[in-house]
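Take a look at the structure below.
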Amino acid sequence: MDITALFKISHGVYLTGAKEENGHLVGSCIDAVMVVETAPCQIAVSLSKKSWTCQTILKTKLFTLSILPEDTSFDLIHRFGFISSQTENKWDNTPHEIRNGLPYLTNAVACLIAQTKTITETNNHFVFLCDVLDVWAGTMKQPLTYADYQQKTKQQERRKTMTEKKWVCTICGYVYDGNVPFEELPDDWVCPVCGEPKSVFVQE
Ligand code: FE
């Protein structure tokens, strides 16, 4: 089975926004959203059980969904996708508005407020069937697709690799790969292969 073939199913990238019972705002980046009915309006959303936002929504039942625009920064996706709301208030440094006490993204393509109605469980996810209580349009930009996001991630990784310079010994060709940044090595450090001093290393 080629799981990557599933990435060809076209869908978008979204932020959820919710509020814990103690008032703390939480949110996450998700990609599994489907409109299942328009009258009355209902959506299905899948959230990882490990997600703090998912655990919050299980209790409070209410959340916002912001549709991300095509020019969404990698940083925003990273913040909402890879950091837990349990340890950081992600909305603090993110332009957002509040409606019905819930945070949503200022520059979203569109936003909605959902209330969970039925919950189904898989191994790692809860799938919420929700009523849409309110929905409104935002910026005129195109929505970011999951395929674009994948492409963006790859480009970011490539750029990172390209900008990471390596320190190379000009005598023996050894490439420094220690955990301590090369600049912070002591002055008497020597090349582990040929024994020459730091000064013979150049950045490539
Ligand atoms: Fe060397």
Would you say residue 57 is crowded, with 19+ Cβ neighbours inside 10 Å and at pLDDT 95 or above?
yes
Flag for residue 156 being in contact with a helix residue (DSSP H, G or I) (Cβ under 7 Å, 6 or more places away or on another chain), closer than 18 Å to residue 51 by Cα and either at pLDDT below 95 or not small (Gly, Ala, Ser) (or both)
no
Given the condition in a helix (DSSP H, G or I), free of Cβ contacts under 8 Å to residues at least 40 places away in the same chain and either under 16 Å from the mean Cα position of the chain (by Cα) or farther than 20 Å from residue 110 by Cα (or both), answer yes or no: does some residue in region 56-74 qualify?
yes
Of all strands (runs of 3 or more DSSP E) fully inside region 85-204, the set with 1 or more residues that are within 16 Å of the ligand (Cβ to nearest atom) is 167-169, 201-203
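The values are calculated or read from the model by the stated rules, or taken from the named source; none is laboratory data. Because the structure is predicted, anything quoted here is derived from the model rather than measured. As a convention, Cβ positions derive from the backbone with ideal geometry for all residues, glycine included, and neighbour counts pool all protein chains shown.
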